[in-house]
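These notes concern the structure reproduced below.
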Amino acid sequence: MTTNSWQIAAGVLVGVVIGGVAVYQVGPGPIRRFIDDPAGSFRQLTNDRPGTSAPLSEKEQQRHAAEQAKDKALRDQQARQLRADQQRSAGGGGSEAQEAADRKERAWSKYYKKPATCEGNPSNEAMTECANHYIRAKRQFEEAYAAGKL
């Protein structure tokens, strides 16, 4: 490496160290919020800064309120999903939907039998046929299950 390359590498290293220190000082909260909702974080940075945004018209205020309500609904839905996932992984009380999904999974396990040619390490051509067989069987199962035949 030439001297110029070493200087570039040293500059990158310094940048990484400074970035790491900044992240450490800020903490994980703001970074996690940015990762979860980058558009909302950007809007907050640009709109909430005092003296930088002009007053919004009534239509813009309504649109902004609708966006905030939509964002809140999405965050609430994600939080409910996270709680449900945590409850499922912790073995918490199963809901009717979870029990129905378990029943359907057991029925699928009884219904689908993998062909002998798909066992082991099939060739590419056989693998394609195995995938097609699985897809056809899954469709047939879904139709039969929905019709109450299984």
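Run down the aspartates and glutamates and flag those whose C-alpha is under 19 Å from the C-alpha of Lys110, throwing out any fewer than 8 positions away in its chain.
Leaving aside aspartates and glutamates fewer than 8 places away in the same chain, those within reach of Lys110 are Glu99, Asp102, Glu119, Glu142, Glu143.
What per residue convex hull volume, in Å³, do the alpha-carbon atoms of region 96-150 yield?
Value for region 96-150: 86 Å³ per residue.
Between the DSSP loop rule and a limit of at most 10 other Cβ atoms within 10 Å, which trypsin sites (Lys or Arg not before Pro) in region 78-131 are left?
Passing sites in region 78-131 are Lys113.
Residue by residue through region 6-18, what is 3J(HN,Hα) from phi via Karplus (6.51 cos²θ - 1.76 cosθ + 1.60, θ = phi - 60°)? Round to whole Hz and write x for glycine and proline.
Per-residue couplings from phi come out as 5, 5, 5, 4, 5, x, 5, 4, 4, x, 5, 5, 4 Hz.
From the phi angles alone, apply the Karplus equation (6.51, -1.76, 1.60; θ = phi - 60°) to region 107-119 and give each ³J(HN,Hα) in whole Hz, x where the residue is Gly or Pro.
My calculation for region 107-119 gives 5, 5, 4, 6, 6, 8, 10, 5, x, 4, 5, 8, 6 Hz in order.
Run the simple label-point estimate for Gln87 and Gln62 please: 7 Å along Cα→C-beta, distance reported in nm.
3.8 nm
Check the straight Cα-Cα distances from Lys70 and name the lysines below 29 Å, setting aside those fewer than 8 residues away within the same chain.
Partners found: Lys59.
No value in this document is a laboratory result; all are computed from the given coordinates. Keep in mind the model is a prediction, meaning the values are calculated, not measured. Using ideal geometry, Cβ is built from the backbone for each residue, glycine included, and neighbour counts are taken over all protein chains shown.
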